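Novice: My questions will all concern the structure given below.
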Amino acid sequence: AIAGIATGATKGYVYTRSEYPHAIATMSEAVEIARAAGILGRSVMGSAHAFDIEIRSGAGAYVCGEETSLLNSLEGKRGTVRAKPPLPALQGFLGRPTVVNNVISLASVPVIMARGAEFYRDFGMGRSRGTIPIQIAGNVKHGGLFETAFGLTLGQIIDDIGGGTATGRPVKAVQVGGPLGAYFPRELFDTPFDYEAFTAKGGLIGHAGISVFDDSADMLKQARFAMEFCAIESCGKCTPCRIGSTRGVETVDKIRAGIEPDKNKVLLEDLCNTMKFGSLCALGGFTPYPVMSAMNHFPEDFAPAPMVEAAE
Ligand code: SF4
């Protein structure tokens, strides 16, 4: 409602993945509570401003987290990315000026307005201020959602909050930022949870989803998974992502099969650079993060598979 009044909008949409039914149910209930309390509706808190929210669920495409494909999906169209310009702020939903934000950004506004910028600034470090809900998942003892101020080290999050792996084996890698986030080895566990610090180490915080892997993980398989994920989820609009991801899967397979591994590792790096700098949106542009981090931090997993000798 604050964002609606600030921009002069009378309607807002919360777009949620259909795979998250609990989130949809919770948001729907929150909207009903806000309507009953007069925070949403024809007269927001008795003012002359009207603003209401509609919850929309996506049809399962990862790329619909990108703002322009989200807008296409909201309009009932296929979730393909739109070329920019025009920016959504000028020409967005149904061709009207539209502000697109993550819910977490909008959710940070009330506390800043109620308690002041200094209160908010006191949480966090560097340019990463406030708190962040971290989703700890994968092979971890204490998985779940933990909201904390920016600045804890990755090691504190994994070892102290997460309690290490569920299997009890050593942590081999942690992927931060969702399926397109970089893999961090234990040597980088002193990295503070901070946007700039992660960027400096070749990673990203993204939506702060963390997946933990123990020492049985095969990082070449994880690199292949990233390329395969991109190939499946690609909207097909641009060539580096649409074609590159499929070629990426093939190239990783060649490395595993021992087909000119050195040449194919160089080719994979070249392909990653093309995807990183030539893709139209973050799906193709970020896929190189898990691939390159897996290859750089775990080169031993990119050795060809050992030959299995036939039994006599
Ligand atoms: S990077 Fe992939 S998902 Fe994004 S616009 Fe290009 S083809 Fe579509």
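The values are calculated or read from the model by the stated rules, or taken from the named source; none is laboratory data. All values reported here derive from a predicted model rather than from experimental measurement. Using ideal geometry, Cβ is built from the backbone for each residue, glycine included, and neighbour counts are taken over all protein chains shown. With ligands, DNA and RNA removed, areas are computed over all heavy atoms of the protein, side chains included. Shrake-Rupley method; radii C 1.70, N 1.55, O 1.52, S 1.80 Å.
Novice: Open to solvent by 70 Å² or more (accessible area, probe 1.4 Å) and part of a helix (DSSP H, G or I): does that describe residue 147? Working first, answer last.
Specialist: Details: open to solvent by 70 Å² or more (accessible area, probe 1.4 Å): yes; part of a helix (DSSP H, G or I): no.
Here the answer is no, as residue 147 does not meet what is asked.
Novice: Right, something else. Report, by residue number, each residue of the stretch 110-144 that is open to solvent by less than 30 Å² (accessible area, probe 1.4 Å) and either assigned to a loop (DSSP other than H, G, I, E, B) or touching a Cys at 6+ places or on another chain (Cβ under 7 Å) (or both).
Specialist: Of everything in the stretch 110-144, those that are open to solvent by less than 30 Å² (accessible area, probe 1.4 Å) and either assigned to a loop (DSSP other than H, G, I, E, B) or touching a Cys at 6+ places or on another chain (Cβ under 7 Å) (or both) turn out to be 116, 130, 140.
Novice: Tally time: how many residues in the stretch 235-272 are assigned to a helix (DSSP H, G or I) and open to solvent by less than 50 Å² (accessible area, probe 1.4 Å)? It would help to see each step written out before you state the result.
Specialist: So the first thing to find is which residues in the stretch 235-272 are assigned to a helix (DSSP H, G or I), and the list is 239-257, 261-272.
After this cut, where a residue has to be open to solvent by less than 50 Å² (accessible area, probe 1.4 Å) as well, the list is 240-241, 244-245, 248-249, 251-252, 255, 261, 264, 268, 271-272.
So the answer is 14.
Novice: If you check every pair at least six apart or on different chains, which have Cβ atoms under 7 Å apart with a residue in the stretch 246-265 that is within 19 Å of residue 283 (Cα to Cα) first and a residue that is of a type in the set (Gly, Ala, Ser) and modelled with pLDDT of 95 or more second?
Specialist: Close Cβ pairs (under 7 Å, with a partner that is of a type in the set (Gly, Ala, Ser) and modelled with pLDDT of 95 or more) amount to 246/231; 249/231; 252/223.
Novice: Does residue 216 fit the bill of being polar (S, T, N, Q) and either open to solvent by less than 30 Å² (accessible area, probe 1.4 Å) or within 16 Å of the ligand (Cβ to nearest atom) (or both)? First the steps, then the outcome.
Specialist: Working: polar (S, T, N, Q): yes; either open to solvent by less than 30 Å² (accessible area, probe 1.4 Å) or within 16 Å of the ligand (Cβ to nearest atom) (or both): no.
Spelling it out, it is not the case that residue 216 is polar (S, T, N, Q) and either open to solvent by less than 30 Å² (accessible area, probe 1.4 Å) or within 16 Å of the ligand (Cβ to nearest atom) (or both).
Results for (1) surrounded by fewer than 18 Cβ atoms within 10 Å (Cβ to Cβ); (2) of a type in the set (A, V, I, L, M), shown as yes or no for each residue.
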residue	(1), (2)
10	yes, no
13	yes, no
16	no, no
30	yes, yes
65	no, no
70	no, yes
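Novice: Return the pair list, or none, for Cβ contacts closer than 7 Å from residues in the stretch 38-67 that are in contact (Cβ under 8 Å) with a residue 40 or more places away in the chain to residues that are surrounded by fewer than 18 Cβ atoms within 10 Å (Cβ to Cβ) and of a type in the set (Asp, Glu), at least 6 apart or on different chains.
Specialist: 60/19
Novice: Could you look through the stretch 69-103, keep only residues that are in contact with a Pro (Cβ under 7 Å, 6 or more places away or on another chain) and touching a residue at least 24 places away in the same chain (Cβ under 8 Å), and pick out the one that is farthest from residue 27 (Cα to Cα)?
Specialist: 98
Novice: Restricting attention to the stretch 273-292, which residues are open to solvent by less than 10 Å² (accessible area, probe 1.4 Å), in a helix (DSSP H, G or I) and either more than 7 Å from the ligand (Cβ to nearest atom) or acidic (Asp, Glu) (or both)?
Specialist: 275, 288, 290, 291
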